[in-house]
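> Questions regarding the structure given below will be posed in turn.
Just so it is clear, none of the values below were taken in a lab; they were calculated from the coordinates. This structure is a prediction, so every number in the text was calculated from the model and none was measured. Methodologically, a virtual Cβ is constructed for each residue, glycine included, from the backbone with ideal geometry; neighbour enumeration extends over all protein chains shown.
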Amino acid sequence: MRLIYTKPKLKDLSQGSRIAFARQFRFMSQNDVSDKLGLSGECKRRTMTRYEKGNRNPKDERTRQIADILNVNYNAIKNYDYKETIDVIYTLLWLEELIPNYEIDLSRVPSLYSNKEIIQAFLDEWDKMRLKRKRKYISYEEYIEWKLNYTSEEIGRASCR
């Protein structure tokens with residue numbers, strides 16, 4: 001049997017779509033994730049289906065469990081309220097997956113947000129990664145891996161303030 005790799009598609013920017021994208025990127029089924037969450041019964045997959053369709057949002061602790069199972073940064077799949085800088089950063093990263101051929105003009109973003117230096121540091125790092133991908137120094141999978149697990153020391157310091 002020969003398997004063909006197809007890139008996951010992001011349906012929208014909802015939490016459920018982001019969870020589904022990460023799950024598909026990891027080549028996992030809803031049953032796989034349900035099993036690792038310890039769900040049981042005939043309809044164990046129903047919970048994951050509801051999360052991914054947006055019919056239900058996982059609580060914070062469940063989201064952390066799902067992030068661990070999918071080996072992604074919690075911030076990649078959490079529900080965004082935009083009180084934290086990381087929510088803006090991850091929205092930009094996901095927007096690129098939603099509209100892959102659209103050139104995002106990021107020149108005004110830092111001036112629109114209070115943590116300008118953190119956003120600018122992210123934008124500089126992101127530009128480097130996008131250039132590496134464009135020049136084929138890294139693969140699509142390596143680029144997505146970076147995005148799904150993006151962290152920044154500056155963000156960690158800012159969230160402690």
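> Among the lysines, which fall within straight-line cross-link reach of Lys132, defined as a Cα-Cα distance under 18 Å, with same-chain neighbours fewer than 8 residues apart omitted?
List returned: Lys147.
> Filter Lys11/Lys128; Lys7/Lys136; Lys7/Lys78 down to the pairs with a C-alpha to C-alpha distance above 20 Å, please. Before the final figure, lay out each step's value.
Details: Lys11/Lys128 26 Å; Lys7/Lys136 17 Å; Lys7/Lys78 22 Å.
With Cα atoms farther than 20 Å apart: Lys11/Lys128; Lys7/Lys78.
> Given H placed 1.01 Å from N in the peptide plane, which residues other than close sequence neighbours of Ile138 have an amide H under 5 Å from its amide H?
Excluding prolines and chain starts, which carry no amide H, the hits are Arg133.
> Further, regarding this structure: ³J(HN,Hα) across segment 45-56 via Karplus (A = 6.51, B = -1.76, C = 1.60, θ = phi - 60°), whole Hz, x for Gly/Pro?
Going residue by residue, I get 6, 4, 4, 5, 4, 5, 4, 5, 7, x, 6, 8 Hz, with x marking Gly and Pro.
> Lys59: net charge of surrounding residues, Cβ under 14 Å, Lys/Arg +1, Asp/Glu -1, itself excluded?
Details: positive: Arg50, Arg56, Arg62, Arg64, Lys78; negative: Asp60, Glu61.
For residues surrounding Lys59, the net value is +3.
> In addition: How far, in nm, would the chain grow between Tyr102 and Asp32 when pulled straight, counting 0.36 nm per residue and subtracting the alpha carbon separation? Could the numbers behind the result be given before it?
Details: separation 70, 0.36 × 70 = 25.20 nm, distance 3.35 nm.
Additional length available on full extension: 21.8 nm.
> In whole Hz, what ³J(HN,Hα) sequence does segment 32-44 give by Karplus (6.51, -1.76, 1.60; θ = phi - 60°), x for Gly and Pro?
Values, residue by residue: 4, 5, 4, 4, 5, 7, x, 6, 9, x, 5, 10, 4 Hz.
> Next question. For segment 1-74, build the charge dipole from Cβ charges (+1 Lys, Arg; -1 Asp, Glu) around the Cα centre, then report which of Ser14, Cys43, Ile66 sits farthest towards its positive end.
Working it through, the farthest residue towards the positive pole turns out to be Ser14.
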